[in-house]
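Chemist: The structure follows.
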Amino acid sequence: MKPWSEEELEYLDDSWGRVSIPTIAAHLGRSVNAVKCKAYKTNHRCHIHSGSFITVSELAKALNYHYGIVCNWEKYGLPIKRRKSIKQYYKIIYIEDFWEWAKTHKQLLDFKRIEPLILGNEPKWVSEARRASVEGAVNRKPWTKIEDDRLINMLNKFKYSLDEIAFELNRSEGAVKRRIYDLKLKQRPVRRINRKWTENQINKLTDMVERGYSFEQIGRALGRTACAVRGKYESLANPGYTNSFRNGKSDRVFKGVSWRNKEK
């Protein structure tokens, strides 16, 4: 068996985990088994787990999200890459790239579900985003009879808005709307009067989004519904998009985290 040269070992070190094993073997003029054996003897980790990246499956487990949800984030710009080991392709992501993406997509993530340091060293902004996530946690357990009675009582008074009811019941606004529908209630929350956004409110909105607060938390801070906050944020992130989208004339790529994302 031909001895390994220093140049070959250096190439193996540099390429392992980045280049497929057959490609390494072809470059070195060696068999795939020879490359695998040498990698094992020189203490290289399993090929797909080498380097500064992890598989998307491992990322999903670390974040406590379903694998399908994490894969779906790719349409929001999550930089997933493909790597080939022998015959199988893997979806991988560089940890540094994930954090860079997460910084501008905090509204998609529930940071309290992410164990501190599970992905190694974290950017400084993550700790505040995790704290905001903990502070904004809402009740997701099944509705009780007492909660249903409180909901009906507040609706019957015809003076509480959706965000006020959600705050009192410690539920998300979406959960309250869904419960009203499930109970087949005719009453509806009082609509808030439309108010013009001030420059200070817009600055606070963008600042809180940047720091990782949810739309509901921001709405409470500004005295607005989460829906209104989300709508304003989307219009700021996508100038001129909303009206053209509603008219069915938009060919622009939507930037943000909205369910209204229009795919080509």
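Chemist: If the cut-off is 20 Å between C-alpha atoms, which aspartates and glutamates fall inside it for K159, apart from same-chain ones fewer than 8 positions away?
Modeler: Reachable aspartates and glutamates: E147, D148, D149, E168, E173, E216.
Chemist: Oh, and also: Once the convex hull of the alpha carbons of the stretch 137-234 is built, what does its volume come to per residue, in cubic angstrom? Spell out each step's value before the answer.
Modeler: Values: hull volume 9.6 nm³, N = 98.
About 98 Å³ per residue, rounded to a whole number.
Chemist: In nanometres, what is the gap between the two model label sites at K103 and A25, each 7 Å from Cα along Cα-to-Cβ?
Modeler: Label-label distance for K103 and A25, simple model: 4.1 nm.
Chemist: If you don't mind, there's one more thing I want to ask. What aspartates and glutamates sit close enough to K204 to cross-link, taking a C-alpha to C-alpha distance under 12 Å and skipping anything fewer than 8 places away on the same chain?
Modeler: none
Chemist: Moving on. Under 12 Å from the Cβ of A62, count the other residues' Cβ atoms, weight Lys and Arg +1, Asp and Glu -1, and hand me the total. Please list the in-between numbers first.
Modeler: Details: positive: K61, R113; negative: E58, E115, E122.
It works out to a net charge of -1.
Chemist: Same structure, new question: Students often check this: by mean Cβ neighbours within 10 Å, which of 223-229, 54-60, 177-183 ranks highest, and how do the rest follow? Could the numbers behind the result be given before it?
Modeler: Details: 223-229: 19.9, 54-60: 18.3, 177-183: 14.3.
Output ranking for 223-229, 54-60, 177-183: 223-229, 54-60, 177-183.
Chemist: Pairs K61/K91; K75/K141; K145/K186; K61/K106; K157/K196: which exceed 22 Å Cα-Cα?
Modeler: Working: K61/K91 14 Å; K75/K141 30 Å; K145/K186 18 Å; K61/K106 18 Å; K157/K196 27 Å.
The pairs that break the limit, which is 22 Å between Cα atoms, are K75/K141; K157/K196.
FYI, it's all coordinate maths here, none of it is from the lab. Because the structure is a prediction, the values reported are computed rather than measured. Counting neighbours? That spans all protein chains shown, and the Cβs are built from the backbone with ideal geometry, glycine included.
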